[in-house]
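Reviewing the structure listed below.
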Amino acid sequence: MTAFHEIRFPARLSFGSAGGPERRTEVVTLSNGWEERNTPWAHSRRRYDAGLGLRSLDDVAEVVAFFEARRGRLHGFRWKDWADHRSGLPSAEPHFDDQRIGTGDGARTEWTLLKRYRSGEQGYDRPIRKPVAGTVRVGLSDDEQVEGVDYEVDVATGTVRFPVAPAAGTEVTAGFEFDVPVRFDTDAIRASVAGFEAGEIPDVPVVEIRT
């Protein structure tokens, strides 16, 4: 039985990794030269190479232990994407009004965290399923709320819950740090002591999963 392990890949090792979002676009070129483009994916999927963050044989041993505990590709885990791990800019601490996650209607009490990416008039709303505990700040119409009193956060699902439904028209906002739910994209890690000392880095592919 597959499962998700609520544990983060060592952040100091993911710091040197490479990766980011990928999209799947189907492009059909017509006989007249025009194109038709479509995508079966509503959301992007991120890929990373954890091997690029390894600097010593001790790092390799740590990754192998983490890999074995996850049973290779079987179990998912958390991953810190250093280039995109906050609700605002990577250099800015989360603020309670970084992202608008919904509007109260007087009845609804739950919202899922999201991060909005904008460019020009277009944008994309990314669901955030793995916020980091202790970093989620929530506001109601420019008034910051108190976690544990005014709201609760499920860090396993990214759900914000209010004991009392926000009034109709109340803007619900949030700021947070978050991880990416991922799994290893290989069932084998091949490392050579001689090769590592010669500068050869083992491939450790990681891919985002839906949760």
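The values are calculated or read from the model by the stated rules, or taken from the named source; none is laboratory data. Being a predicted model, the structure only gives us computed values, none of them experimental. Methodologically, a virtual Cβ is constructed for each residue, glycine included, from the backbone with ideal geometry; neighbour enumeration extends over all protein chains shown. Protein only, heavy atoms only, side chains kept; ligands, DNA and RNA dropped before computing areas. Shrake-Rupley method; radii C 1.70, N 1.55, O 1.52, S 1.80 Å.
Summary of computed values
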quantity: Test: residue 166 is closer than 30 Å to residue 70 by Cα and either touching a Phe, Trp or Tyr at 6+ places or on another chain (Cβ under 8 Å) or surrounded by 15 or more Cβ atoms within 10 Å (Cβ to Cβ) (or both); calculated: no
quantity: Residue that is farthest from residue 147 (Cα to Cα), among those in region 92-106 that are part of a loop (DSSP other than H, G, I, E, B) and among the hydrophobic types (A, V, I, L, M, F, W, C); calculated: 92
quantity: Conditions (1) among the hydrophobic types (A, V, I, L, M, F, W, C); (2) in contact (Cβ under 8 Å) with a residue 12 or more places away in the chain; (3) under 28 Å from residue 170 (Cα atoms); number of the one not met by residue 146; calculated: (2)
quantity: Every residue from region 13-29 that is without any contact (Cβ under 8 Å) to a residue 12 or more places away in the chain and either closer than 16 Å to residue 50 by Cα or among the hydroxyl-bearing types (Ser, Thr, Tyr) (or both); calculated: 29
quantity: Odd one out for residue 118 among (1) over 14 Å from the mean Cα position of the chain (by Cα); (2) surrounded by 13 or more Cβ atoms within 10 Å (Cβ to Cβ); (3) at pLDDT 95 or above; (4) not in a loop (DSSP other than H, G, I, E, B); calculated: (2)
quantity: Subset tally (residues that are open to solvent by 30 Å² or more (accessible area, probe 1.4 Å), assigned to a helix (DSSP H, G or I) and in contact (Cβ under 8 Å) with a residue 12 or more places away in the chain) for region 48-91; calculated: 5
